[in-house]
Amino acid sequence: MVNRIFFILTIIGVPISVIGSYLHWNEVVLFIIYCITIIALAGIIGRATESLAILAGPRIGGLLNATFGNAVELIISLFALQAGLVEVVLASLTGSVIGNLLLVGGLSFFTGGLKYKRQNFNVYDARHNSGLLIFAIVLAFVIPEIFSMDMNLDRTMTLSIGVSIILMILYLAALFFKLVTHRGVYAKEQEKKEEEHEEAEWSKGKATLILLLATVAVAYISEHLVHTFETVGQKFGWSDLFIGIIVVAIVGNAAEHASAVVMAYKNKIGVSVEIAIGSSLQVAMFVSPLLVISSLFMNYQMPLVFSFPELIAMITSVFLTVSITGDGDTNWFEGLTLLCAYFIMAIGFYLL
Amino acid sequence: MVNRIFFILTIIGVPISVIGSYLHWNEVVLFIIYCITIIALAGIIGRATESLAILAGPRIGGLLNATFGNAVELIISLFALQAGLVEVVLASLTGSVIGNLLLVGGLSFFTGGLKYKRQNFNVYDARHNSGLLIFAIVLAFVIPEIFSMDMNLDRTMTLSIGVSIILMILYLAALFFKLVTHRGVYAKEQEKKEEEHEEAEWSKGKATLILLLATVAVAYISEHLVHTFETVGQKFGWSDLFIGIIVVAIVGNAAEHASAVVMAYKNKIGVSVEIAIGSSLQVAMFVSPLLVISSLFMNYQMPLVFSFPELIAMITSVFLTVSITGDGDTNWFEGLTLLCAYFIMAIGFYLL
Amino acid sequence: MVNRIFFILTIIGVPISVIGSYLHWNEVVLFIIYCITIIALAGIIGRATESLAILAGPRIGGLLNATFGNAVELIISLFALQAGLVEVVLASLTGSVIGNLLLVGGLSFFTGGLKYKRQNFNVYDARHNSGLLIFAIVLAFVIPEIFSMDMNLDRTMTLSIGVSIILMILYLAALFFKLVTHRGVYAKEQEKKEEEHEEAEWSKGKATLILLLATVAVAYISEHLVHTFETVGQKFGWSDLFIGIIVVAIVGNAAEHASAVVMAYKNKIGVSVEIAIGSSLQVAMFVSPLLVISSLFMNYQMPLVFSFPELIAMITSVFLTVSITGDGDTNWFEGLTLLCAYFIMAIGFYLL
């Protein structure tokens, strides 16, 4: 059903986006059209990736999910970077991390918790993810922030690149750990059985074609989207920061958000957690470093140095998430706590 | 026994306080009389609230405890706020949080640990509390602090009010969670039985009357107490900060402190933890936001922005408490660790 | 075998060090000779201490290990302090803490994990250590740092001494807790048996003599070592900070590092953890405060105030270690995570 809506929105949205940008419609109207179309396209990319992942088996499939999972966000960010909007990119990375942890996680736990008194997931996965969140955000993002205070830009970029390479190496190592050396080692009996039952929605050829077309469409629209930010910001009184953190992050992740909440409602809270925390880790350990390194070949270099409010927002989100997910048990109140945290940050970034 | 001492101190202390303030006795003498009387009155208010709570059943009772639990502190703070002592109020909130976590928690674990090698309490309660401590102090207190650095006072107040409202909503939701939707869900068998055995000390009418009279007395004395701070500070070389953090916080919480330690000695360490962490949460999620909002109707507005040392003291206290209580197992050494942390902070605030 | 190598290196290294320093050889050459000789001597001191500890029984033995465990580092630091290299000393303390947690811990988990899929250790020990790490580094090191921002040097020293005394008291209390009141209380059955099987390598007289001679030799060489730092720093473009954090810390702890990794490979991961975290705690709670207090009797006073990058490096290392060791289960990936964290910091300090 959701799938069909995404398709209809895409079939309508893509041509309208092309026509609208060609005819220079009102930028606020275009901004809205672009956003809706990208949300639909992100949903389709997600489905296509999933189909390919199932067909390719768990190892290559895991790799596919880990690479294309945040493709939309990566594409938008690349175009924003090329347009020199370094601060918007950093903001959208921040928004993606806190949005996934607090908004997606919170909505999932809350919705699932309305139906079930307690929901459980594998506590080893929770701890594995906690360790990586603390590594990536509390350590690897904080060190360049603090150390760069006493550095010139050259050294800051050198440090950023060093940290980025290490983040990507550890991200690949985490995949290797999860998919090869320790696959199933920490799983409960029941989970091992469940893994079998999935079936691909589309054939390999169809999925690849859809993935390709949707990605091209996202790229096209993203390029135009980033140029509407200035007008939209002036119109609504939104800062670049707010657009990056709340708007771009929500648009780039809406499809994922939806499926996490659906999974929670089906009592597959483990999948919701995997989406929420997994996406955050992907943004922190794969998308962010890739953008830092990509920026070397562009006109605007992007060091891995967030603004202080962004960093604090991410760090406190991580500590809250680690504390709440650490016991592998969730309920509606834990979901509400995460949502309240998100609202506090949204107010804060709006007022900045 | 303790109860009787409180009564005697009240019966002597209240009239002397009235006479002393009327005759303008030496302010240092008055300060001491006020403090002792308030400690005794706080003890009586605690007993009256408990009686009413037992008579009203667990749901309304829980609500009563959650509202009147820090009534004394709230009253003192309101009068201090009216007198323009914004910094003293923020300091006393800080002192209350760290005093409850480190001093009450520490004394309880240490005293209990001298008698018992290991004491246990419900690990789910510990995690629930840990999540809220991290939400309220590490997240909800830090965000306004950091974000307000780049804001004017107007926006800082707007953010403070937003955060305050969210804190109070989540506090009420936590009560709803604990008393209604998940009552007993996370309890062990043994605990469910224990819950029955309590009996109210006073009848409903008597308890209400006592509560009313004691509250009026506290209000009267508090109003005079806050005006002695300046003289006392000059006399002893104490800063406003030190008076707020150490003196006011101890006076406002002494009665609670005593009962937490008594409970630990009776091997009811779960009750001690509930008092220590519960009071901290109440101060952070109910008293603090209420004061911020109340300040809107006064001459001096109070943003939810602590001084940097205050915030760091609270955050580090939370991390230490979460780490030490996280396993639901305590001993004398864990108590001593908390006490040592309190001494470090006391020295720090004294020297500031 | 390793033992024999240490002996040969010592027998060659000590006389060459004496001759070289007497004849004023090239300082870079001397620096290398000194470093190698000290590593070997540290190994021998470790062996002698262990023999004495076994002969003295668990209580006195634990005390011996806790006092002499970082003797080499203490001696180097004392001479560096006397030479006025306060920043090098603080840097070497930092380097020791992060080196033990991330490098020793990381190498142990990684090496052990290559041979065993999962390795386990006592989860109560892990939590006990976590609490102390958070107490010592996140709380006791942060408070003087933040509070001293608003203090003059006199008050900063007073605060530093207060914190130092409290750290040492708690360190002694921790020994008392572990060796006397709660010995074996938290141990698993199996562990209690294992404790018996150790045998001393050397007799009491021999061990004492060796300990004495090696300590004198370390002292002699350390005094000369600290005077080569300036030349070496200029030659290789290393800052004082980098020499302190990476070089001195590795030289002072190399022997311990080796035995932690060997233990992990023998599947005694609990011993590795004890060495890694135990040494960090010893540096933070015993060596650091002892140096602060010792500095009172020297020309250069050393407050317990690290540079901001140093403090952040230690705090983030603690959070990562606490998160990774909290479940008492390790694997190669957790080791790699710690190592990656160390590399990030090494790059950062190199570029500072």
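The modelled label-to-label distance between A:Arg4 and C:Val29, using points 7 Å beyond Cα along the C-beta direction, is 8.6 nm. Over all projection directions, the Cα-based convex hull of the protein assembly as shown averages an area of 44.4 nm². For chymotrypsin sites (Phe, Trp or Tyr not before Pro), no site in segment A:191-285 is both called loop by DSSP and has at most 13 other Cβ atoms within 10 Å.
Counted by Cβ distance under 13 Å from C:Phe176, the other residues give a net charge of +3, where Lys and Arg count +1 and Asp and Glu count -1. Within the accessible surface of the protein assembly as shown, defined with a 1.4 Å probe on protein heavy atoms only, the carbon and sulfur portion equals 65 percent.
Rounded, prolate or oblate for segment B:1-150? Axes are the square roots of the Cα gyration tensor eigenvalues, ordered a ≥ b ≥ c, and the cut-off for rounded is a/c under 1.5.
Here segment B:1-150 falls in the oblate category.
Once every DSSP H run of n ≥ 4 in the protein assembly as shown is given -39500 (n - 2.57) and the sum is divided by its residues, what mean residue ellipticity at 222 nm do you get, rounded to the nearest 500 deg cm²/dmol?
So the calculated ellipticity at 222 nm is -23500 deg cm²/dmol.
Our coupling estimate for segment C:45-53, obtained by passing each phi through the Karplus curve with A = 6.51, B = -1.76, C = 1.60 and θ = phi - 60°, is 4, x, 5, 5, 4, 5, 4, 4, 5 Hz, Gly and Pro reported as x.
Can you give the mean number of other chain Cβ atoms that lie within 10 Å of the Cβ atoms in peptide C:133-141? Per residue, the average neighbour count from other chains is 5.
Compute the Rg to Rh ratio over segment A:195-247 from the alpha carbon atoms, using the Kirkwood formula for Rh, and round to two decimal places. For segment A:195-247, the value is 1.27.
Phi angles across segment B:138-147 convert, under the Karplus curve 6.51 cos²θ - 1.76 cosθ + 1.60 with θ = phi - 60°, into 3J(HN,Hα) values of 6, 9, 5, 7, 6, 4, x, 4, 6, 5 Hz, Gly and Pro given as x. Among C:304-311, C:33-40, B:121-128, the peptide with the highest mean count of other Cβ atoms within 10 Å heads the list, and the full ranking is C:33-40, C:304-311, B:121-128. With the label put 7 angstrom out from Cα along the Cα-to-Cβ vector, C:Val2 ends up 5.3, 5.3 nm from the copy partners, going from closest to farthest.
Pairs from the list A:Lys266/C:Lys115; C:Lys115/C:Lys235; A:Lys206/A:Lys268 with a Cα-Cα gap above 32 Å: A:Lys266/C:Lys115; C:Lys115/C:Lys235. Distance between the C-alpha centres of segment B:280-351 and segment C:196-263: 41 Å, rounded to the whole angstrom. In whole Å, how far is the Cα centre of segment C:95-154 from that of segment B:64-89? When both Cα centres are located, 39 Å separates them.
In this assembly, the C-B interface accounts for approximately 2900 Å² of buried accessible surface in total, computed with a 1.4 Å probe and without ligands, DNA or RNA.
Taking a sphere under 10 Å around the Cβ of A:Phe229 and counting the other residues whose Cβ falls inside, with K and R at +1 and D and E at -1, yields a net charge of -3. When a/c is below 1.5 the answer is rounded, else prolate if a/b is larger than b/c, else oblate, so apply that to segment A:229-352 with a ≥ b ≥ c taken from the square roots of the Cα gyration tensor eigenvalues. In terms of gyration-tensor shape, prolate. Residues in segment B:85-97 carry Karplus couplings, in order, of 8, 3, 5, 5, 5, 4, 5, 6, 5, 4, x, 5, 5 Hz; the curve used is 6.51 cos²θ - 1.76 cosθ + 1.60 with θ = phi - 60°, and Gly or Pro positions show x.
Under a Cβ-Cβ cut-off of 12 Å, what is the net charge of the residues other than A:Ser51 that fall near it, where Lys and Arg count +1 and Asp and Glu count -1? Spelling it out: positives minus negatives among the neighbours equals -1. Taken along its three principal axes, the alpha carbon spread of segment A:84-134 comes to 48, 25, 9 Å, from the longest extent down to the shortest.
Highest-first packing order for the peptide set B:88-97, A:72-81 is B:88-97, A:72-81, based on the mean count of other beta carbon atoms within 10 Å. Taking a ≥ b ≥ c as the square roots of the eigenvalues of the alpha carbon gyration tensor, segment A:86-197 is oblate, as a/c is not under 1.5 and a/b does not beat b/c.
With its label point put 7 Å out from Cα toward Cβ, B:Val18 sits 8.8, 8.8 nm from the same residue's point in the other copies, in order from shortest. Where the alpha-carbon atoms of segment A:2-351 are placed on the principal axes, they occupy 56, 52, 36 Å, in descending order. The orientation-averaged projected area of the convex hull spanned by the Cα atoms of segment C:1-70 comes to 5.3 nm². In this assembly of identical copies, the label point of A:Ala200 (Cα plus 7 Å along Cα-to-Cβ) is separated from its counterparts by 7.0, 7.0 nm, sorted shortest first. Taking packing as the residue-averaged number of other Cβ atoms within 10 angstrom, the listed peptides B:12-19, C:212-219 run from highest to lowest as C:212-219, B:12-19.
Using the 1.4 Å probe convention, the accessible area of the protein assembly as shown works out to 40 Å² per residue with neighbouring protein chains retained.
The values are calculated or read from the model by the stated rules, or taken from the named source; none is laboratory data. The structure presented is a predicted model; accordingly, all values stated were derived computationally and were not measured. Please note: Cβ atoms are built from the backbone with ideal geometry, for glycine as well, and neighbour counts cover all protein chains shown. In case anyone asks, the SASA skips ligands and DNA or RNA and just uses the protein heavy atoms, side chains included. Shrake-Rupley method; radii C 1.70, N 1.55, O 1.52, S 1.80 Å.
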